[in-house]
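Here's the structure, in structure tokens; my notes come after.
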Ligand SMILES: [Fe+2]
Ligand SMILES: [Fe+2]
């Protein structure tokens, strides 16, 4: 069963509401508690703490982009079932966003100051690929999630070993991103051309290296 298709005004209001709740800190309560909620906080030295915070700020910025991408796709999706699938993924991404924000706060740091910029850029990219049609929009999601999984795998190697709380959050996110990618493929994602994939990787690299610091 799926909900009625939204009117353009509904979609606009949903997008504005989502943009505000995504870039506002605190982001609000996640629908599911953080997977790290019951874990003992490990003692980290100052260097480890700063590094873990930098990485978690990158992951938080990634989740800001995920929100914007899914909302951008949903805003122009043609098939109501695909629109609903994107809204559902955006809800899970919102949990990721809130978990990363909680962890950043525990590490004594805050999200990227450029969050509104990340959101606006990713929303525009999401909507632009959605305008090309649902199969390209889904293709874009499948490729994004694939690149995000590789990125999160690299963070599982880079995070301090004793930082179980950050690692557990990242591992859970990684599993769910893989599922989002599989769902997009099952729903009819087209394979993106190689130059587009390369451009996506380059854009992600700019975002991740900036968000680590700012
Ligand atoms: Fe996510
Ligand atoms: Fe995802």
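Observations on the model:
- Within the stretch 54-64, one or more residues are surrounded by fewer than 23 Cβ atoms within 10 Å (Cβ to Cβ), modelled with pLDDT of 85 or more, away from ligand 1 (no atom under 16 Å from the Cβ) and closer than 23 Å to residue 144 by Cα.
- Every residue from the stretch 133-181 that is within 30 Å of residue 79 (Cβ to Cβ), part of a helix (DSSP H, G or I) and more than 16 Å from ligand 2 (Cβ to nearest atom): 134, 135, 136
- Of the listed requirements (1) in a helix (DSSP H, G or I); (2) away from ligand 1 (no atom under 14 Å from the Cβ); (3) surrounded by fewer than 22 Cβ atoms within 10 Å (Cβ to Cβ); (4) at pLDDT below 90, residue 78 misses just one: (1).
- Condition met for residue 189 (within 16 Å of ligand 2 (Cβ to nearest atom) and not in a helix (DSSP H, G or I)): yes
- In the stretch 143-181, residue nearest to residue 69 (Cα to Cα) [restricted to those that are within 12 Å of ligand 1 (Cβ to nearest atom) and free of Cβ contacts under 8 Å to residues at least 12 places away in the same chain]: 179
- When each of 112, 129 is tested for being surrounded by 20 or more Cβ atoms within 10 Å (Cβ to Cβ), in contact with a helix residue (DSSP H, G or I) (Cβ under 8 Å, 6 or more places away or on another chain) and not in a helix (DSSP H, G or I), the lone residue that passes is 112.
- Check on residue 97, modelled with pLDDT of 80 or more and away from ligand 1 (no atom under 15 Å from the Cβ): no
The values are calculated or read from the model by the stated rules, or taken from the named source; none is laboratory data. Worth saying up front: this structure is predicted, and the values here are computed from it rather than measured. Cβ: placed from backbone, ideal geometry, glycine included. Neighbour counts: every protein chain shown.
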